[in-house]
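Please treat every number below as a calculation from the coordinates, not as lab data. From a predicted model like this one, the values you see are computed outputs, not experimental measurements. No Cβ is skipped: glycine too gets one built from the backbone with ideal geometry, and neighbour counts run over all protein chains shown.
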Amino acid sequence: MNKTYIIAEIGINHNGDMTITKKLIDIAAVAGCDAVKFQKRNPDVCVPEHQKQVLRDTPWGWMTYLDYKYRVEFGKEEYDEIDRYCKEKGIAWSASPWDMDSLKFLLNYEIPFIKIPSAMLTNEELMRACASSGKQLIASTGMSTIEEVDEAVRWIKDSGCSDFALLHCNSTYPAPLEDLNLKSIQTLRARYGCRVGYSGHEFRLGTTVASVYLGASVIERHITLDRTMWGTDQLSSVEPQGLIKLVKGIRELEIALGDGEKRVTQTELPVRRKLRGY
């Protein structure tokens, strides 16, 4: 089988700290991930008006929600350093644009793909713009009906994009085991005939490895230095040792799956001669 493309989702788990960011990039590279990914927003556009002045208790003290979003948002200086550091470490990077300004920003870099977060799957303007960008497109389908996915795929294809992947996803953080519904991976592949994958938010690692058996060729998992760190996504993220185990499990499964042709292997021949005499 083809090698599974593994994305380590840093998202906003860096908490606006470049030192944390580089440690997470290091971990993803050591584990053998293919890429790290971030979230890119223009807070003025993405934060609803009624939320902007709401006070929030943060590690940096009480501040408005808008100020908090700016506090953890990286700009050109930080992304220039991310771009340089990832090249140094031999790992790709990209980000999920949450608005048109952020898409325009990201296209200044030689990123290998654009990732649509589940929340933006029904945003026609953004979906069409991403699909028209000339980049490979990966879209998560969490909290979406099959009709909404149908429409998103139509927008993608109408925009001339044929190189895209859909990721099955449950957008609960963390996602309950009984809600994962991994067989939806097969549903997406059968219905749309495109590459499919899995974006997991569960505590477990085995379920994500199992998604590869079901046909996932792209895997995305949030990563963190420590699940007890401050931040909304930390608890449903994978810690360093877990990430290493996850990537190893996926790579071992790829080897073990084989091609499906029943044959006597070279390692079986001595056993066959010993037990059967021929």
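Checking the cross-link pairs Lys115/Lys183; Lys23/Lys52; Lys76/Lys104; Lys22/Lys115; Lys3/Lys115 against a 24 Å limit on the alpha carbon distance flags Lys23/Lys52 as lying beyond it. Taken about its Cα centre, the range 133-278 carries a charge dipole of about 1060 debye when Lys and Arg each add +1 at the Cβ and Asp and Glu each add -1 at the Cβ. Note on Tyr109 and Lys157: with the Förster distance fixed at 35 Å, the Cβ-Cβ geometry gives a FRET efficiency of about 0.85. Among the trypsin sites (Lys or Arg not before Pro) in the range 1-90, those placed in a DSSP loop whose Cβ has at most 12 other Cβ atoms within 10 Å are Lys3. Of the residues Cys161, Cys130, Cys33, the one that moves most in a GNM of the chain with alpha-carbon contacts below 10 Å is Cys161. Over all orientations, the range 5-276 has a Cα convex hull whose mean projected area works out to 17.2 square nanometres. Taking 8 Å as the Cα distance limit and 6 or more residues as the minimum spacing, I'd like the relative contact order of the chain as a percentage. Computed value for the chain: 19 percent relative contact order. Each Lys or Arg adds one and each Asp or Glu subtracts one; over the other residues with Cβ under 15 Å from the Cβ of Ser132, this totals +1.
Just to confirm a number: summing +1 for Lys and Arg and -1 for Asp and Glu over residues other than Gly242 whose beta-carbon lies under 13 angstrom from that of Gly242, what do you get?
Values: positive: Arg204, Arg221, Arg227, Lys245, Lys248; negative: Glu202, Asp226, Glu239.
Summing Lys/Arg as +1 and Asp/Glu as -1 gives +2.
Antiparallel beta bridges, as assigned by DSSP with both residues in the chain, represent about 10 percent of the total such bridges. Seen from Leu177, the other residues with C-beta closer than 13 Å to its C-beta sum to a net charge of -2, counting Lys and Arg as +1 and Asp and Glu as -1. The GluC sites (Glu not before Pro) of the range 171-266 that meet both conditions, a loop assignment by DSSP and at most 16 other Cβ atoms within 10 Å of the site Cβ, are Glu261. Phi angles across the range 114-120 convert, under the Karplus curve 6.51 cos²θ - 1.76 cosθ + 1.60 with θ = phi - 60°, into 3J(HN,Hα) values of 10, 10, 8, x, 3, 4, 9 Hz, Gly and Pro given as x.
Each stretch of four or more DSSP H residues adds -39500 (n - 2.57); spread over every residue of the chain, this sum gives -12000 deg cm²/dmol at 222 nm. Taking Ala29, Ala210, Ala139 as the candidate residues, the one with maximal mean-square fluctuation in a Gaussian network model of the chain, Cα springs under 10 Å, is Ala210. Going toward the positive end of the dipole of the chain, with +1 on Lys and Arg Cβ and -1 on Asp and Glu Cβ, which of Gln39, Ala139, Thr265 do you reach last? Working it through, the farthest residue towards the positive pole turns out to be Thr265.
Full extension of the chain segment joining Lys274 with Arg71 gains 66.2 nm, where the gain is 0.36 nm per residue of separation less the Cα-Cα distance.
Answer rounded, prolate or oblate for the range 1-86, using the Cα gyration tensor with square roots of eigenvalues a ≥ b ≥ c: rounded when a/c is under 1.5, else prolate when a/b is larger than b/c, else oblate.
Prolate is the answer for the range 1-86, as a/c is 1.5 or above and a/b outweighs b/c.
For the pair Arg251 and Asp226, label points projected 7 Å from Cα toward Cβ lie 2.8 nm apart. For the chain, the Cβ-based charge dipole about the Cα centre amounts to some 1480 debye (Lys, Arg positive; Asp, Glu negative; other atoms uncharged).
Largest mean-square fluctuation among Gly11, Gly200, Gly249, in a Gaussian network model of the chain whose springs join Cα atoms under 10 Å apart, belongs to Gly249.
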